[in-house]
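Below is one structure, written out as structure tokens; comments come after it.
The values are calculated or read from the model by the stated rules, or taken from the named source; none is laboratory data. A quick note: this is a predicted structure, and the numbers were derived from the prediction, not measured. Please note: Cβ atoms are built from the backbone with ideal geometry, for glycine as well, and neighbour counts cover all protein chains shown. Note: accessible area is taken over every heavy atom of the protein model, side chains too, but ligands, DNA and RNA are not part of it. Shrake-Rupley method; radii C 1.70, N 1.55, O 1.52, S 1.80 Å.
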Amino acid sequence: MIISVNWLKKYVDIDLPIDELVSLIGERLVEVESVKYIGDKYADCIVARVVTAEPVPDSDHLSLVTIDDGGRQESVDRLPEGTIQVVCGAPNVRSGMLVVWLPPGAIVPSTRGTDKEFRLEARSLRGHVSNGMLASARELDLYDEHEGILELNLDAEAGANFVDVAELDDYLLDIENKSLTHRPDTFGVIGFAREIAGILGQPFHSPSWLTSTSPVDDNFVFEPVEINIADPELSNRFSAVILQTTDHPASTPLDIQLYLARSGVRPISPIVDVTNYLMLLTGQPLHAYDYDKFLKVAGDIPVIGVRRGREAEKLTLIDGKERSLANEDIVITANDRPIGLAGAMGGSETEVDQSTRRVLLECATFDLYSLRGTQMRHGIFSEAITRLTKGVPAELGKYVINEAIRLLGSVAGLEQVSRISSSYPVIQSPEQVEVSASAINDILGTDFSNDDIVKTLSSVEFKVSDDGSNLRVAVPYWRNDVHRLEDVAEEMGRLNGYDNIRPTLPERPYVAVRTSKFDSLRREVRRWLVSAGANEVLTYSFIHGEMMKRAKLDPADSYRLVNSLSPELQYYRQSIVPSLLAAVHPNIKAGYDKFALFELNKTHAKSIGNDRDGVPLESSRLGFVTVDAKSDEAAPYYQAKQYADFIFDKLGVTVEYRNLSSQADTAMARPFEPKRAAEVWLVEPMVLIGIVGEIKSDVLAKFKLPKTLAAFELNTEVLFSVVEGKSVDYKTSSRFPEIERDVCFQTGYDVEHQSIVAAIKQSLSDSEYDITESIVDIYSPSDRSHKNTTFRFVIVSHERTLTNEEVNQYMNGLTDRVCQSINGRVV
């Protein structure tokens, strides 16, 4: 955002060096990225009056011009009558006009400071000496207009310095406006000037037209247009009025053109220039429609509407590009036909041009979150939408549209021919905040008195009443960021300078915050998984809707961000596993073929619900994937399960694996292959905590992943809540040797692995020995006639060294009980 210091000076008294001003602005309002002085490039420019302008013989465009410079330039050849001869090719040159003359020796402003500086000299053109040149706006580096020389419609004398007449002895401040997102009032020159007044300790008074309106005669030629806002959330204020041309000559004053140009906005026409000028001045965008074109589109039904875009709807904007509208876009309609993309750009069908005789002027605010989406979708970053996405206050429009009517009358020759139509679905009530000096001083560590607070806040037009103890602060309508005591305290600290607050140590004791048990367990789980060879990653909590679809998740169950950082980050994720799947392929592509990834983070889903304040609930999760891209291993499920069992063993909890059922969390379970995945249940208490298994083949294909991949996702809130209340069982290691036995159980193909494990654990439950079992191998022939599952048993006694006979006898009894339970045999 570019701010002209001279424009600011029209509203606030600035009497300090530019570097001090910039320093104060940076400390107390916003960072100034750069400062540019523009006056030096116009040092050679002189105001002159055209005395005569005659065509040059044998030329179809050149004119022989004599000018009066008031005798200003000394080293130049003059005609006997004291005038100066210049050859000019501009079609608009005529006698009597005031122009900008660049004398011989002057550097053309548009080239100054470049590697191609162009210094003028007296030279002959078609046999006539031309002493310098008459400059166009482009040559003066004002704005991109080169069809004719610049005409000065100012009250100035020949010989005056152009830099003074045009107020070009000016500094331009390039403002880093991202930090002003919450301050729409500072996106207008008046609001910015108000802040500088507060910083300098000066009382500020807004122009009267910005705080009050005058009664208007309601006797107009035309009936007002009807306004139809389909949903109050789309626009909290929309005003419109009809104006038509008069015989008044239409011409944008040069000062308006130059301040527009200095602010980065190209002057176009009187109507457009007035709307842009008021936008830069107040922060409130306006838009003008050709009313006759509007009626043609609307079928002569004067209804202007605001609604959502519709799928497959298209709209050609004034930049000539056709846009495909989305349901998230807000559109302006003429009797329900789109004529503009709200807040961003008008449509070409109703564009104002030189033939326009009647104008429909719009002054409105729109849902800023929808507009931010429109910015990203359509790549439109106009001055108007930049301001509207900051939350322009609805109350501002009432004053700006009245000033627009006045200015369009004096500048563009338009007169009001209908009363102002206005729709204000949600009227904003003024904020009242009760504060006290002691409360503000407690927050800031200052010693402000009531008088200090009244003076500071009043300087930026807060109305403050003092009852002797407390202060009641009436917040002006343009400050929609002030709602509570802390906001008022911030104003006091900022405007008076945080650097002026005397540093003092807090009197309260410093006490370190004890890490919660939940966070301690998360840290331990991280350490354990890393020690087991896994790699922790941290992925975005916001994901693309397409990622969810690839993982079989429904985007409708996700919270969608209305002001997402990018189109790739539109939704809160419901599950962590899809984010990990997306991270696998880039790692394989980078040359890593065998690895494991995990992430401890939060998920959000509509199905989880909200808390009592309506805030979406969060779910803490552990997501994990393991992959071996070059392996022929047919059962990666067991690799993921091994990591999960490792965690459960470390936590000291017992789990049970079951077939997927309807109780499994939908979002968590959807990417998994039901026949090669299992629910994970805590045994005490019996509660479902997650899913472990292989991923569906079509999901793998969409993420470009190998089949040898498995994953798990656990609800750590439930898991850790059980662990937090669980006592730790300690068992000493035996000093006697262990004995291993491998046993292969042959069962029917349909016998579940978990049922075999359950039978083994049941048989081991009353053992006098310390026995652990682990899976070694699973085999089934191609005809699926049976399944062989091999387990390794490690047996040890804490009392003596076991003999082979004792172990064999015990294992025979164990295998008999297991085989009887699973209807199998040992092979």
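State the dimensionless ratio Rg/Rh of region 158-244 (Rg: radius of gyration of Cα atoms; Rh: Kirkwood radius). My calculation of the ratio gives 1.10.
Residue ranges 340-350, 525-535, 505-515 sort as 340-350, 525-535, 505-515 when ordered by packing (mean number of other C-beta atoms within 10 Å per residue, highest first).
In terms of overall dimensions, region 590-735 has a Cα radius of gyration and Dmax of 16.8, 59 angstrom. Taken along its three principal axes, the alpha carbon spread of the chain comes to 135, 74, 59 Å, from the longest extent down to the shortest.
With all protein chains in place and ligands, DNA and RNA left out, the 1.4 Å accessible area ranks Met811, Met133 as Met133, Met811, largest first.
Overall size of region 436-500 from C-alpha positions, given as principal axis extents largest first: 29, 27, 19 Å. Accessible area of Lys9 (1.4 Å probe, protein heavy atoms only, ligands and nucleic acids ignored): about 100 Å².
Each other residue within a Cβ distance under 15 Å of Ile14 adds +1 if Lys or Arg and -1 if Asp or Glu, for a net charge of -4. From the alpha carbon centroid of region 197-242 to that of region 263-322 is 18 Å. Counting only protein heavy atoms and a 1.4 Å probe, the chain has 49 square angstrom of accessible area per residue. From a point 7 Å beyond the Cα of Lys463 in the direction of its Cβ, which residues of region 199-236 have a backbone N at a distance under 19 Å? It comes to 203-215, nothing else. Computed with a 1.4 Å probe over protein heavy atoms only, the accessible area of Phe220 comes to about 50 Å². Taking 0.36 nm per residue of sequence separation and removing the Cα-Cα distance, the Gln202/Ser721 pair yields an extension gain of 180.9 nm.
Only helical runs count toward this figure. For the chain, summing -39,500 (n - 2.57) over DSSP H runs of n ≥ 4 and dividing by all residues gives -8000 deg cm²/dmol at 222 nm. Computed packing ranks the peptides 401-409, 688-696 as 688-696, 401-409, most packed first, by mean other Cβ atoms within 10 Å.
Surface listing: Glu805, Glu54 arranged by accessible area from highest to lowest gives Glu805, Glu54, probe 1.4 Å.
Measuring r between the beta carbons of Asn327 and Phe381 and using R0 = 25 Å, the FRET efficiency lands at 0.70. A convex hull fitted to the Cα coordinates of region 236-313 yields 152 cubic angstrom per residue.
The 3J(HN,Hα) values that the Karplus relation (6.51, -1.76, 1.60; θ = phi - 60°) gives for region 563-572 are, in residue order, 10, 5, 5, 7, x, 6, 10, 9, 10, 5 Hz. Gly and Pro appear as x. Surface composition of the chain: carbon and sulfur make up 47 percent of the accessible area, probe 1.4 Å.
Estimated at 0.36 nm per residue, the fully extended path between Thr790 and Tyr498 surpasses their Cα-Cα distance by 97.9 nm. Bridgeable lysines around Lys731 (alpha carbons under 27 Å apart, same-chain partners fewer than 8 residues away excluded): Lys517, Lys641, Lys650, Lys761. For the pairs Lys390/Lys606; Lys178/Lys390; Lys10/Lys455; Lys549/Lys594; Lys390/Lys602, note any where the Cα-Cα span goes beyond 20 Å. The pairs that break the limit, which is 20 Å between Cα atoms, are Lys390/Lys606; Lys10/Lys455; Lys549/Lys594; Lys390/Lys602.
Note: region 479-522, Cα convex hull, 172 Å³ per residue.
Sorted from longest to shortest, the spans of the Cα atoms of region 362-476 along the three principal axes equal 53, 37, 27 Å. Amide H contacts for Val687 (H built 1.01 Å from N in the peptide plane; partners 5 or more residues away or on another chain; cut-off under 5 Å): Leu682. Overall shape of region 242-395 was characterised from the C-alpha gyration tensor. The equivalent ellipsoid obtained from it has semi-axes of 24, 20, 13 Å, in decreasing order.
Shape of region 319-406 from the C-alpha gyration tensor: oblate (a/c of 1.5 or more and a/b not above b/c, with a ≥ b ≥ c the square roots of its eigenvalues). For the peptides 120-132, 181-193, 370-382, the ranking by mean Cβ contacts within 10 Å, running from highest to lowest, is 181-193, 370-382, 120-132.
Alpha-carbon geometry of region 671-793: the Rg and the Dmax are 18.2, 53 Å, given in that order.
Over all Cα atoms in region 1-91, the spread is summed up by Rg and Dmax: 21.6, 64 Å.
Largest accessible area first, the residues Glu740, Glu223, Glu524 order themselves as Glu223, Glu740, Glu524 under a 1.4 Å probe with ligands, DNA and RNA left out. Ligands, DNA and RNA excluded, the heavy atoms of Ser516 present near 50 Å² of accessible surface to a 1.4 Å solvent probe.
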